[in-house]
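A short worksheet on the structure shown next.
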């Protein structure tokens, strides 16, 4: 999927919602534990109830790895179920991989061939060598960590270079745009720093930004839209816990839909305000 | 395993060799493809042939992920086989994980509970929040990427801070030592930059360093020992392809042993020169 197609889905659905599938066996409704594969059953019901409201799903790979080989089966089935359910969706592996050479090529093969993801989150510490194997795949995305919303983002991301006065995250934004086109590279930008989105937009005006941290992590959707939206939306805003754990009983999927719907409606209004739909 | 115990094993074996299990289904001897689990069978024979010469094994997680859920079974069996074979070994998951909060806790649980690893390689971009869940486990190690040996290491690792004149990798080395003790934190330092090891040692005199890149990637073991060794050795030097793919026929494990033995003998001489054994 390229950027134009993604914008097409955003307009069609009036939404730039990404639903994070951080599916935790200790948090899903207990009646699901009777199923052979409770993780998949949970995801399936969430997907069935929300796919018209979301433009992306983002399985958080840590939550599947922790289950060992069974978790990878749940993940595989989840990706296949999304593909079967709708064509109008981007599937992001939130994996934060970051290696080089042959190893990085194996990670790219994992997420783009073994699994049928459209995008993978990547850590930039080792530079272009981490990203280049992912760029060899057509219509796939590398989602590069730029500015994150956690407390210790400050440890390194704000280091300021003595020569050009730019911070590390600004340098990542600038260099990564040289590595690939805006159809290949997105950036992770934390939502609790919505005003920083303006500085990100100055450097990367045309890139899609994946914005986690709205909802449970405290970011404001209104501010994200205000500072982050560009002429093709350019935003995917993620919510995980606020949607998938909306309720802990048998109606969890309907409750998830309600919360997703509320976000989608709000997103639709921002898209209308910006005259994008 | 703490640092003192690790040094004990180094002295006992006269070795600071880490063998990288980058086991690729396309590179292992073809007669192994008849086995139910060729990846595990390959690893098993390598481990059986080399465990007295190595102080650590380092499965490269990308090579298991690419096989999907089957790969995670091979990985599980590999770790169990190492544990069954010897007590005198450190098992490192080369995973380069780097996330925060709940997600990072899931990665820690994956490698320290779901699997029985002693150590995990981690990417520092998001700061302390990535590492802190791993530090909660006793006798386990976080191996933090500091200075890597790839071409594009230069993209970000050498950015120099305007205030203190330190590079990013130097800042990682300094800060990460505040996060945990030298029994908890190791660093990845690329071997093709052996002279940089001296600058690393100035900042982290007492830390263990995991040094990839000797052999296939072009680093010199002699230089690594010269610039990197401290009073408790403080080095784990990795070789992957140079050992495990020494031969492609039925005697591959014996050939692997020959190459491992050669490295071990050389390491033993450096340990003797330094009067550590």
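The values are calculated or read from the model by the stated rules, or taken from the named source; none is laboratory data. Note that the coordinates shown come from a computational prediction; the quantities given were computed from them, not determined experimentally. Note: ideal-geometry Cβ built from the backbone for every residue, glycine included; neighbour counts use all protein chains shown.
At pLDDT below 95, on the phi < 0 side of the Ramachandran plot and surrounded by fewer than 18 Cβ atoms within 10 Å (Cβ to Cβ), is that true of residue A:196? Steps first, please.
Working: at pLDDT below 95: yes; on the phi < 0 side of the Ramachandran plot: yes; surrounded by fewer than 18 Cβ atoms within 10 Å (Cβ to Cβ): no.
No, not satisfied.
Do we have any residue at all in segment B:9-18 that's under 27 Å from residue A:98 (Cα atoms), in contact with a strand residue (DSSP E or B) (Cβ under 7 Å, 6 or more places away or on another chain) and surrounded by fewer than 24 Cβ atoms within 10 Å (Cβ to Cβ)?
No.
Could you tell me which of the residues A:247, A:240 is touching a helix residue (DSSP H, G or I) at 6+ places or on another chain (Cβ under 7 Å) and under 26 Å from residue A:30 (Cα atoms)?
A:247
Each row is one residue, and each column tells you yes or no for (1) crowded, with 24+ Cβ neighbours inside 10 Å; (2) within 12 Å of chain B (Cβ to nearest Cβ); (3) part of a loop (DSSP other than H, G, I, E, B); (4) in contact (Cβ under 8 Å) with a residue 24 or more places away in the chain.
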{"position": "A:112", "(1), (2), (3), (4)": "no, yes, no, yes"}
{"position": "A:116", "(1), (2), (3), (4)": "no, yes, yes, yes"}
{"position": "A:124", "(1), (2), (3), (4)": "yes, yes, yes, yes"}
{"position": "A:134", "(1), (2), (3), (4)": "yes, no, no, yes"}
{"position": "A:137", "(1), (2), (3), (4)": "no, no, yes, yes"}
{"position": "A:142", "(1), (2), (3), (4)": "yes, no, no, yes"}
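Which residue pairs have Cβ atoms closer than 8 Å, lie 6 or more positions apart in sequence or on different chains, and pair a first residue in segment B:163-191 that is facing another protein chain (nearest Cβ under 9 Å) with a second residue that is in a helix (DSSP H, G or I) and surrounded by fewer than 17 Cβ atoms within 10 Å (Cβ to Cβ)?
Correct list of pairs: B:166/B:174.
Residues in segment A:230-258 that are buried (at least 22 other Cβ atoms within 10 Å of the Cβ) and free of Cβ contacts under 8 Å to residues at least 40 places away in the same chain: how many?
1
Kindly provide the set of residues from segment B:144-160 that are free of Cβ contacts under 8 Å to residues at least 12 places away in the same chain and either assigned to a helix (DSSP H, G or I) or under 19 Å from the mean Cα position of the chain (by Cα) (or both), ordered by number. Even if it seems obvious, please write down each step before you answer.
Within segment B:144-160, the subset free of Cβ contacts under 8 Å to residues at least 12 places away in the same chain is B:151-152, B:154-155, B:158-160.
Listed by number, the residues that qualify are B:151, B:152, B:154, B:155.
If I ask for residues that are closer than 20 Å to residue A:240 by Cβ and facing chain B (nearest Cβ under 8 Å), which ones from segment A:95-110 would you list? Break it down stepwise before answering.
Narrowing segment A:95-110 to residues closer than 20 Å to residue A:240 by Cβ: A:95-97.
Selection gives A:96, A:97.
Could you please let me know if residue B:218 is modelled with pLDDT under 95, closer than 24 Å to residue B:184 by Cα and touching a helix residue (DSSP H, G or I) at 6+ places or on another chain (Cβ under 9 Å)?
Working: modelled with pLDDT under 95: yes; closer than 24 Å to residue B:184 by Cα: no; touching a helix residue (DSSP H, G or I) at 6+ places or on another chain (Cβ under 9 Å): yes.
Against the criterion (modelled with pLDDT under 95, closer than 24 Å to residue B:184 by Cα and touching a helix residue (DSSP H, G or I) at 6+ places or on another chain (Cβ under 9 Å)), residue B:218 does not qualify.
Confirm whether residue A:67 is free of Cβ contacts under 8 Å to residues at least 60 places away in the same chain and under 24 Å from residue A:110 (Cα atoms).
On the way: free of Cβ contacts under 8 Å to residues at least 60 places away in the same chain: yes; under 24 Å from residue A:110 (Cα atoms): yes.
Criteria met by residue A:67.
Give all pairs with beta carbons closer than 9 Å in which a residue from segment B:24-38 that is at pLDDT 95 or above meets a residue that is surrounded by fewer than 13 Cβ atoms within 10 Å (Cβ to Cβ) and part of a helix (DSSP H, G or I); count only pairs at least 6 apart in sequence or on separate chains.
Partner pairs satisfying both residue conditions: B:25/B:33.
Here are the criteria: (1) under 29 Å from residue B:126 (Cα atoms); (2) modelled with pLDDT under 95. Tell me which single one residue B:235 does not satisfy.
(2)
Out of B:147, B:128, report the one residue that is in contact with a strand residue (DSSP E or B) (Cβ under 6 Å, 6 or more places away or on another chain), within 11 Å of another protein chain (Cβ to nearest Cβ), surrounded by fewer than 24 Cβ atoms within 10 Å (Cβ to Cβ) and under 27 Å from residue B:168 (Cα atoms). Steps first, please.
Working: B:128 fails: in contact with a strand residue (DSSP E or B) (Cβ under 6 Å, 6 or more places away or on another chain).
Only one candidate qualifies: B:147.
Residues to consider are B:55, B:66; find the one that is over 15 Å from residue B:241 (Cα atoms), surrounded by 24 or more Cβ atoms within 10 Å (Cβ to Cβ) and at pLDDT 95 or above.
Numbers: B:66 fails: surrounded by 24 or more Cβ atoms within 10 Å (Cβ to Cβ).
So the residue among B:55, B:66 that is over 15 Å from residue B:241 (Cα atoms), surrounded by 24 or more Cβ atoms within 10 Å (Cβ to Cβ) and at pLDDT 95 or above is B:55.
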